[in-house]
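> Questions regarding the structure given below will be posed in turn.
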Amino acid sequence: MAGVNEERPLQLDNAGTLNQSVSTSLEVDKIGILPGHESDYSACTFVLNHEDHTLGNALRWMIMKDADVEFCGYSAPHPSEPKIHLRIQMYDNMSAVDCLRKALSNLRDLLSTVDQKYKKSLRNDKYIKEDDVDVRAVVEETLRERGRLASSGDAMDTS
């Protein structure tokens, strides 16, 4: 199709919440919709720029908890590209865009709760404290006990 750029994803509405500001004051599209989506947006492949498996797997998990979701999966197109593709297909012509927004909000709430509880446990000193271990000394002692540390050339490489 002449004149149509198939590689450029659609920009979602409400761009203020979906764009990422960078230190140069430029805005970079954080989330877009790749070509090939359903006209009612019930099935879309989103591109999430500057993200990896950490967010991809968490979002996939959160989205699949929604009973209206027929399918959700993600992929990293190439290890050298800092982006992931997230595919969402909904039942009954429901909006995949709304599903993604809901999942992002729910994930933010979950992470906020975990963060609050973690900080509270640190303040209340309710965590298991372990002594620091000198790993090199433990390994060398274990080797000595087993008779394997024959000379100084056999010691651990610390470089």
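> I'd like the Kirkwood hydrodynamic radius of the stretch 58-155, using the inverse of the mean 1/r over distinct C-alpha pairs, in Å. Let's see the in-between values first.
On the way: mean 1/r = 0.0539 Å⁻¹.
About 18.6 Å, per the Kirkwood formula over Cα pairs.
> Kindly state, to the nearest 0.05, the FRET efficiency for residue 57 paired with residue 130, given R0 = 30 Å and r defined as their beta-carbon distance.
Numbers: r = 29 Å, r/R0 = 0.95.
Once rounded, the FRET efficiency stands at 0.55.
> Do any chymotrypsin sites (Phe, Trp or Tyr not before Pro) in the stretch 55-150 lie in a loop, going by DSSP, with at most 15 other beta-carbon atoms within 10 Å of their beta carbon, and if so which? Walk me through the intermediate numbers first.
Values: sites: 61, 71, 74, 91, 118, 127; in loops: 91, 127.
Those that pass, being in a loop and sparsely packed, are 91, 127.
> So how many Å³ per residue does the convex hull of the Cα atoms of the stretch 69-126 work out to?
Numbers: hull volume 7.3 nm³, N = 58.
Hull volume normalised by residue count: 125 Å³.
> Between residue 64 and residue 117, with labels modelled 7 Å along Cα→Cβ, what's the label distance in nm to one decimal, could you check?
2.1 nm
> I need the calculated FRET efficiency for the pair residue 92 and residue 50, taking r as the beta carbon distance and R₀ as 35 Å, to the nearest 0.05. Show your work: numbers first, answer last.
Working: r = 33 Å, r/R0 = 0.94.
Calculated value: 0.60.
> Reachable lysines from residue 83, Cα under 18 Å, same-chain residues fewer than 8 places away excluded?
By straight Cα distance, residue 83 reaches 30.
Values in this text are rule-based calculations from the coordinates and carry no lab data. Keep in mind that what you see is a predicted model, and the values were worked out from it rather than measured. When we count neighbours, we look across all protein chains shown, and the Cβ atoms used for this are built from the backbone with ideal geometry, even at glycine.
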